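The values are calculated or read from the model by the stated rules, or taken from the named source; none is laboratory data. These numbers were taken from a predicted model, which means no experiment stands behind them. Cβ atoms come from the backbone with ideal geometry, glycine included; neighbour counts cover every protein chain shown. Ligands, DNA and RNA are excluded from the accessible area calculation, which covers all protein heavy atoms including side chains. Shrake-Rupley method; radii C 1.70, N 1.55, O 1.52, S 1.80 Å.
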Number of protein chains: 2
Amino acid sequence: MTISAYDEYMPESHPAPERFPVTVDVVALTVRDGELNVLLITRLIEPFRGKLALPGGFVLAGEDLLEAAVRELAEETGVEHLPGHLEQLGSYGPKGRDPRGDVLTVAHLLLAPDFPVLSAGSDAEQAAWYPVAEVPELAFDHARILDDAVERAKSKLEYSPLGAAFCGDEFTIAQLRAVYEAVWGTRLDPRNFHRKATGTPGFLEEVGRMTAGDAGRPAALFRLAPEARPTAGHPTRAVLNPPLMRPRE
Amino acid sequence: MTISAYDEYMPESHPAPERFPVTVDVVALTVRDGELNVLLITRLIEPFRGKLALPGGFVLAGEDLLEAAVRELAEETGVEHLPGHLEQLGSYGPKGRDPRGDVLTVAHLLLAPDFPVLSAGSDAEQAAWYPVAEVPELAFDHARILDDAVERAKSKLEYSPLGAAFCGDEFTIAQLRAVYEAVWGTRLDPRNFHRKATGTPGFLEEVGRMTAGDAGRPAALFRLAPEARPTAGHPTRAVLNPPLMRPRE
DNA sequence: GGCACTTATCGTCATGTTGACAATAATGCT
DNA sequence: AGCATTATTGTCAACATGACGATAAGTGCC
């Protein structure tokens, strides 16, 4: 690692700045069986050995935050190319959130279709999906981070086309609606949802094909409209207008 | 400073984690003369000496992020108790944003009524308000952070009662409208805005008194409704429902 | 005081959006 | 064929929004 060139620049009167270990944590959310799930690992080392925690780890020299988040998630799930949408959630700390000392963590949010995680019987940390509604106590301040992440996910569905990040490339309106219902924890009228989803400009695009084999009438397949798709450079900043507001009691 | 107890906990196989200098930057926004303004300082030291930059500085040991942001802002403006609403914006880096090496910065957003900054002729860094529309080149990646902050402010006005953070405790509908117009950069119909602002449940509360002395008919004074006011513990998470959407061309 | 000017506030109307729910369409199952 | 199941289209009333007319209540000027 570099011993940094700070002191060459800093006037004598300025002490060298404090340095902190920086971690990235990822709240990976998906929808399974109509329920919102979160990816958690079982800690194999102290502190909080045996407790569940968000996947994550230290940022390495020369890494950016998103890079580090992707790397950690890949390492701990054994998944090469992460599906879904990853964005920064917010930073926590550094004071008093780790018994070992001050650690700053930058939490991230992944909205993804259900994907299988490596269930290696190895000594690696075991990652698995857990229904958000039944998550037991978590290590560190991860319960708070999870709360914030779920709240963010809820509001993302209102104002952005990112509900589709939970689905694959092509999906039916009913599948998309199931996402909204799971994340918001409410029931939505299929007819009104259909009207809204298909009627919002810049949101969906009909593929032209239909599903087959299920019970009931086949459904038309949709994908994200081009304007709503993430581009190579930046993640999608596309906005749903008008928004698809969740019912408030 | 503490030399941290990491190594006592980490198994031999794990190297000590990388440590990074962490700064907080603050994008302080206000409305002056109907224009959105941002607080900038003129750098007195390298790198970027003489350039404008966001106020900010290193996080100290034992500090939390918001604390550090408040401290830095107070130091650089000479203002004791900051008015307005402060929240975290997001983190940037650590790679390649500071010529001295990797520095992680956690940007913050302050929405505040216009307040005077210390215009000391001292050798301290000179802080002053600048219209956002005319901000010249900024140091580091601060232009990007400012962009993100303005975008965040715009959307905050849509979905939260935080437009009022730009006003004092009591304000008229016209003053509030001026905030929306300045932040969004649009003109709003006074009659429709009045209807919307006063008609949105949980947003405003009539004080009972009127303004006097201005030109034109006196206006009723309003303040934030109790549900929309920040409480001691947490900052306001209150939401405007229905939202007050900005016009999309 | 009377008048012009200014800003605040209330109303009206056509249009668009939403929630509730009826009706119809297109499958699989028996 | 008839039934169960899911998808999709419609209808209708309540509500929200944009455009804009009309009125209210001050200040400043003569």
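So which residues in the range B:217-237 are aliphatic (A, V, I, L, M), more than 10 Å from DNA strand C (Cβ to nearest atom) and out of contact with any Phe, Trp or Tyr (no Cβ under 9 Å at 6 or more places or on another chain)?
Kept after step one, since they are aliphatic (A, V, I, L, M), are these residues of the range B:217-237: B:219-221, B:224-225, B:228, B:232.
If we keep only those that are more than 10 Å from DNA strand C (Cβ to nearest atom) as well, we get B:224-225, B:228, B:232.
Matches in the range B:217-237: B:232 only.
Residue-by-condition table, conditions (1) of a type outside the set (Phe, Trp, Tyr); (2) open to solvent by less than 20 Å² (accessible area, probe 1.4 Å); (3) under 18 Å from the mean Cα position of the chain (by Cα):
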position	(1), (2), (3)
A:86	yes, no, yes
A:90	yes, yes, yes
A:98	yes, yes, no
A:125	yes, no, no
A:130	no, no, yes
A:153	yes, yes, yes
A:182	yes, yes, yes
A:195	yes, no, no
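Give the residue that is farthest from residue B:102 (Cα to Cα), with candidates limited to residues of the range B:38-57 that are within 18 Å of the chain's Cα centre (by Cα) and open to solvent by 10 Å² or more (accessible area, probe 1.4 Å).
The residue in question is B:52.
Given the structure, is residue A:191 under 21 Å from residue B:243 (Cβ atoms), within 13 Å of DNA strand C (Cβ to nearest atom) and either part of a helix (DSSP H, G or I) or open to solvent by less than 10 Å² (accessible area, probe 1.4 Å) (or both)? So that I can check it myself, show each step before the final result.
Details: under 21 Å from residue B:243 (Cβ atoms): no; within 13 Å of DNA strand C (Cβ to nearest atom): yes; either part of a helix (DSSP H, G or I) or open to solvent by less than 10 Å² (accessible area, probe 1.4 Å) (or both): yes.
Judged against the criteria, residue A:191 is not a match.
Taking the criterion of being open to solvent by 10 Å² or more (accessible area, probe 1.4 Å) and within 14 Å of chain A (Cβ to nearest Cβ), would at least one residue in the range B:29-37 satisfy it?
Within the range B:29-37, not a single residue is open to solvent by 10 Å² or more (accessible area, probe 1.4 Å) and within 14 Å of chain A (Cβ to nearest Cβ).
For the range A:209-239, which residues satisfy the criterion of being more than 14 Å from chain B (Cβ to nearest Cβ), away from DNA strand D (no atom under 15 Å from the Cβ) and free of Cβ contacts under 8 Å to residues at least 60 places away in the same chain?
If the condition is that a residue be more than 14 Å from chain B (Cβ to nearest Cβ), away from DNA strand D (no atom under 15 Å from the Cβ) and free of Cβ contacts under 8 Å to residues at least 60 places away in the same chain, then A:226, A:229, A:231, A:232 are the ones that fit.
Here is a yes/no grid of residues against (1) in contact with a helix residue (DSSP H, G or I) (Cβ under 9 Å, 6 or more places away or on another chain); (2) assigned to a helix (DSSP H, G or I); (3) of a type outside the set (A, V, I, L, M); (4) touching a residue at least 24 places away in the same chain (Cβ under 8 Å):
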| site | (1), (2), (3), (4) |
| --- | --- |
| A:128 | no, no, no, yes |
| A:143 | no, yes, no, no |
| A:157 | yes, yes, no, yes |
| A:174 | yes, yes, no, yes |
| A:202 | yes, no, yes, yes |
